[in-house]
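Working notes for the structure below.
The values are calculated or read from the model by the stated rules, or taken from the named source; none is laboratory data. Keep in mind it's a predicted model, so treat the numbers as computed, not measured. Using ideal geometry, Cβ is built from the backbone for each residue, glycine included, and neighbour counts are taken over all protein chains shown. Surface accessibility is based on the protein's heavy atoms, side chains included, excluding ligands, DNA and RNA. Shrake-Rupley method; radii C 1.70, N 1.55, O 1.52, S 1.80 Å.
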Amino acid sequence: MNQVEQLRQWINESDNIVFFGGAGVSTESGIPDFRSVDGLYNQQYDYPPETILSHTFYRQNTEEFYRFYRNKMLCLDAKPNAAHLKLVQWEREGKLKAVVTQNIDGLHQAAGSQKVYELHGSVLRNFCESCHKFYDVNYIADSEGAPKCSCGGSIKPDVVLYEEGLDQNTLTGAIRAISQADVLIVGGTSLAVYPAAGLLDYYSGNKLVLVNKTPTARDGIADLVVQGSIGEIFSQLD
């Protein structure tokens with residue numbers, strides 16, 4: 001039995017699957033990956049992306065933060081791909097209990113997923129830091145400089161910047177789902193970013209599946225490793 005057939009069998013037999021996904025799920029929708037060879041980290045800016053996307057830089061250089069953010073972080077034309085759609089199908093069939101994602105593009109919800117834990121927040125949500133009024137992503141995309149609320153306060157994206165902690169309610173929900181899962185499928189992530197990568201430690205089952213184009217830091221502990229495009233692999237799981 002090859003790896004895809006083994007994965008298909010585990011999925012068919014389970015009604016308690018959790019999917020944990022990273023940037024590789026979004027790159028197949030045309031969203032750049034920070035850590036790929038031609039990703040954002042390998043392009044030239046006055047500051048490296050890790051610096052620009054930090055809490056300190058946001059506070060001290062808000063206009064420059066937003067110039068980069070609008071240019072590189074808002075991919076509003078992206079559409080869900082085969083991986084997103086397959087997860088929706090499994091959820092509707094009662095097999096998938098939750099999606100845990102490191103992505104901030106909202107594509108899982110756009111595809112139709114209901115139970116999504118967004119570890120790093122979402123570009124689709126923005127809030128005034130003074131009065132907490134909500135602003136959608138189009139307001140940010142169409143604004144100039146550092147966007148301001150009608151009350152005069154500063155608007156901040158609901159994304160987790162470097163130096164910021166994860167939302168505790170989101171983290172607690174993700175840990176609960178992973179710890180209770182029968183099958184944990186991890187896809188499109190090198191598992192190099194913490195604390196997100198550490199969530200695998202909460203899984204106590206014996207069907208840990210890693211799906212990625214390249215080897216990951218956790219291949220050695222996986223029960224099944226499937227190498228390749230997650231969209232192509234998921235498309236074979238009908």
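Things to note:
- DSSP assigns beta bridges within the chain; of those with both partners inside it, close to 25 percent run antiparallel.
- Treating r as the C-beta distance of Asp77 and Asn2 and R0 as 25 Å, the FRET efficiency rounds to 0.10.
- For the chain, with +1 on Lys and Arg beta carbons and -1 on Asp and Glu, the positive-most of Gln168, Gln102, Leu119 along the dipole: Gln168
- The H on the amide N of Lys207, modeled in the peptide plane, is under 5 Å from the matching H of Leu184, each at least 5 residues off or on a different chain.
- Rounded to the nearest 10 degrees, the inclination of helix 3-13 to the longest alpha-carbon principal axis of the chain is 90 degrees.
- Counting only heavy atoms of the protein chains and using a 1.4 Å probe, Cys149 has close to 10 Å² of accessible surface.
- With K and R counted +1 and D and E -1, the other residues having a Cβ less than 10 Å from that of Asp15 yield a net charge of -1.
- Helix 82-92 vs. the chain, principal-axis angle (Cα, 0 to 90°, nearest 10): 70
- A cut-off under 9 angstrom between Cβ atoms defines the neighbours of Gly205, and their net charge, with Lys, Arg +1 and Asp, Glu -1, is -1.
- Normalised size of region 75-136, defined as Cα radius of gyration per 2.2 N^0.38 Å with N residues, equals 1.26.
- Across the cross-link table entries Lys97/Lys156; Lys95/Lys115; Lys115/Lys156; Lys86/Lys115, which are compared at the Cα atoms, the separations over 19 Å belong to Lys97/Lys156; Lys115/Lys156.
- The chain, dipole about Cα centre (Lys/Arg Cβ +1, Asp/Glu Cβ -1), debye to the nearest 20: 280
- Mean projected area (nm²) of the alpha-carbon convex hull when the chain is viewed from all directions: 12.8
- For Glu118, neighbours were defined as the other residues whose beta-carbon sits under 15 Å from its Cβ, and their charges (Lys and Arg +1, Asp and Glu -1) total -2.
- Accessible area, probe 1.4 Å, largest first, for residues Ser122, Ser204, Ser190, Ser130: Ser204, Ser130, Ser190, Ser122
- Angle in degrees between helix 168-180 and the longest Cα principal axis of the chain, rounded to the nearest 10: 10
- Sorting Glu129, Glu144, Glu13 by solvent-accessible area of protein heavy atoms yields Glu144, Glu13, Glu129, largest first, with a 1.4 Å probe.
- If only the Cβ of Lys and Arg carry +1 and only the Cβ of Asp and Glu carry -1, the dipole of region 151-238 around its Cα centre is close to 40 debye.
- Each of Gln180 and Leu237 was given a label point 7 Å from its Cα along the Cα-to-Cβ line. The distance between the two points is 2.0 nm.
- Of the residues Tyr66, Tyr162, the one with the largest accessible area comes first in the ranking Tyr162, Tyr66, computed with a 1.4 Å probe on protein heavy atoms.
- About its Cα centre, region 195-238 has a charge dipole of approximately 80 debye under the convention of +1 per Lys or Arg Cβ and -1 per Asp or Glu Cβ, with nothing else charged.
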